[in-house]
Amino acid sequence: MADLIVALDVSTKAEVADVLRRLGDSIDFYKIGLELFSAEGPDVVRLVKDAGKRVFLDLKLHDIPRTVERAVKSGATLGVDLMTIHSTGGKAMIRAAADAAASFGAAAPKILAVTALTSLDQDDLTDLGIQRAMPNQVEAMGLLAITNGADGIVCSPKEVANMNKVLIPAAQGRKVVFVTPGVRPAGAAIGDQKRVATPAGAVRDGSTHLVVGRPILEAVDPVAAAIAIRAEMDSAL
Ligand code: C5P
């Protein structure tokens, strides 16, 4: 059964409290990203955890291994469930993040790698000195992450079927987490998302966690929207 995560794309604790109150029991997993964490810091993680929810802390860490190790430990101490790093930080950094998480045993957060930001195109890769075609770069970075201890990746729902095929064998029996944003229920506004998939399509293609923001937060009835998306996800099984 895939998980549904709501992106807390707001900038104050008051707005977070309002979302938690409005969505109530319909959602039990939230994503906190750079905007909110930069504004409110670890207190906002505590607020969501104290409400009994799981937290995906999406800070996309990219630094020297020792710094990333310590940041992962700080996140794990807060009790977060998922954390992101950039695979382009290299294998020592990925390994440092994975080992730091593992040191928390049963309470270890899962470490997810970003393969290539979806805002980059082929010209950007060339500027960075990367010769590979984008799909090959995404596969290579996913493999680097998984073979160095990461638990999974964040990817577009359009890539997730192929990434399942590439990464599951490489994980040698470890369970791989595939988190996909860019999900839109049939008939919903696309907004600034370019390559979207439906909730059922994403699950069918191997997403284990769907990240959804506006289709729930901006709905007239957010609880009904959350329930409808979960029903669409369940219909895939
Ligand atoms: O509102 P919407 O459903 O588009 O929100 C999706 C969430 O996933 C946002 O927090 C957005 O920053 C994040 N995300 C994304 N696309 C990526 C990476 C992250 O939409 N490639």
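The values are calculated or read from the model by the stated rules, or taken from the named source; none is laboratory data. Values in this document were obtained by computation on a predicted structure and should not be read as measured data. Reconstructed Cβ throughout: ideal geometry from the backbone, glycine too, with neighbour counts over all protein chains shown. Accessible surface is based on the protein model in full, side chains and every heavy atom, while ligands, DNA and RNA are left aside. Shrake-Rupley method; radii C 1.70, N 1.55, O 1.52, S 1.80 Å.
What's the carbon and sulfur percent of the stretch 3-235's accessible surface, probe 1.4 angstrom, rounded to a whole number? Each step should come with its number before you reach the end.
Values: 5690 of 10750 Å².
It is 53 percent, rounded to a whole number.
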> When ligands, DNA and RNA are left out and all protein chains stay put, how many square angstrom of accessible area per residue does the chain have with a 1.4 Å probe?
Replying inline: 47
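Å³ per residue of the Cα convex hull, for the stretch 3-235? Kindly include the intermediate steps, with their values, before the conclusion.
On the way: hull volume 28.9 nm³, N = 233.
Residue-normalised Cα hull volume stands at 124 Å³.
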> Taking only C-alpha pairs under 8 Å that are 6+ residues apart, what is the relative contact order of the chain in percent?
Replying inline: 18
> When the Cα centres of the stretch 168-237 and the stretch 108-125 are compared, how far apart do they sit, in Å?
Replying inline: 18
> Extension gain K49-F104, at 0.36 nm per residue separation less the Cα-Cα distance, in nm?
Replying inline: 18.1 nm
> How far is it, in nm, from the label point at R195 to the one at L34 when both lie 7 Å from their Cα along the line to the Cβ?
Replying inline: 2.1
>> If R₀ is 41 angstrom, what is the calculated FRET efficiency for the pair D234 and N136, using the beta carbon separation as r and rounding to 0.05?
In response: 0.75
